[in-house]
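I have placed the structure first, in the form of structure tokens, so that the comments after it can refer back to it.
The values are calculated or read from the model by the stated rules, or taken from the named source; none is laboratory data. None of these values were measured; they are calculated from a predicted model. Every residue, glycine among them, receives a Cβ derived from its backbone with ideal geometry; neighbour counts consider all protein chains shown.
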Amino acid sequence: MASKQVLALLLFSAVSLLPFAMGADIVVGDGNGWMPDFNYTDWAATKSFAVGDNLVFVYSGGDHNVIPVGGVEFKACNGTGAARVFTSGRDVIPLKTTGRKWYLCGIADHCQRGQKLVINVLPATSPAPALPPTSSSTPIMKRTFQAAMVIAVAIAMMN
Ligand SMILES: [Cu+2]
């Protein structure tokens, strides 16, 4: 019985959180990918970034890398001592918190040649579905489905 309850609750949580997982995959540099001699500041100015989106760095593995850094390291093009270095050639970095995020390539002089990206991450665009509906804009289908899930959980608890 207990496991059934847990399962139902997990399912309900998963459904509630679903809209948060539907952020956009933003390919850094679009068709140019991640490379030196490209102005990522100009590129970023044409985009908006929000919690739930993914940054996707695309490059030939081994030629470059992606190092999340702080603002000071970013200015200095200093990627040494960073906690993580991404090297796969298709690095997907989820944007989990708001505010400024800095990334650079730590290979040779690539960062000095512009292979560095600073973005400002905004709050998630979709409203939190777990909160009580405050406006009539919440789709009725979604509300009905959530109500059905609550009933399912209740039934599971009674078993
Ligand atoms: Cu590079």
Can you confirm whether region 141-150 contains a residue that is surrounded by 14 or more Cβ atoms within 10 Å (Cβ to Cβ), at pLDDT 95 or above and out of contact with any helix residue (DSSP H, G or I) (no Cβ under 7 Å at 6 or more places or on another chain)? no
When residues of region 76-125 are filtered for being modelled with pLDDT of 95 or more, over 22 Å from G33 (Cβ atoms) and β-branched (V, I, T), how many remain? 3
In region 49-71, is there at least one residue being over 18 Å from G114 (Cα atoms) and of a type in the set (F, W, Y)? yes
Selection from region 63-87 of residues that are of a type in the set (S, T, N, Q) and either touching a residue at least 40 places away in the same chain (Cβ under 8 Å) or more than 14 Å from the ligand (Cβ to nearest atom) (or both): N65, N78, T80
Residue by residue through region 1-56, note down the ones that are modelled with pLDDT under 95, part of a loop (DSSP other than H, G, I, E, B) and not hydrophobic (A, V, I, L, M, F, W, C). G23
Among (1) exposed (fewer than 11 other Cβ atoms within 10 Å of the Cβ); (2) in contact with a Ser or Thr (Cβ under 9 Å, 6 or more places away or on another chain), the one test that G61 misses: (1)
Kindly indicate the residue of region 88-115 that is away from the ligand (no atom under 14 Å from the Cβ) and part of a strand (DSSP E or B) and also nearest to V58 (Cα to Cα) among those meeting that condition. R90
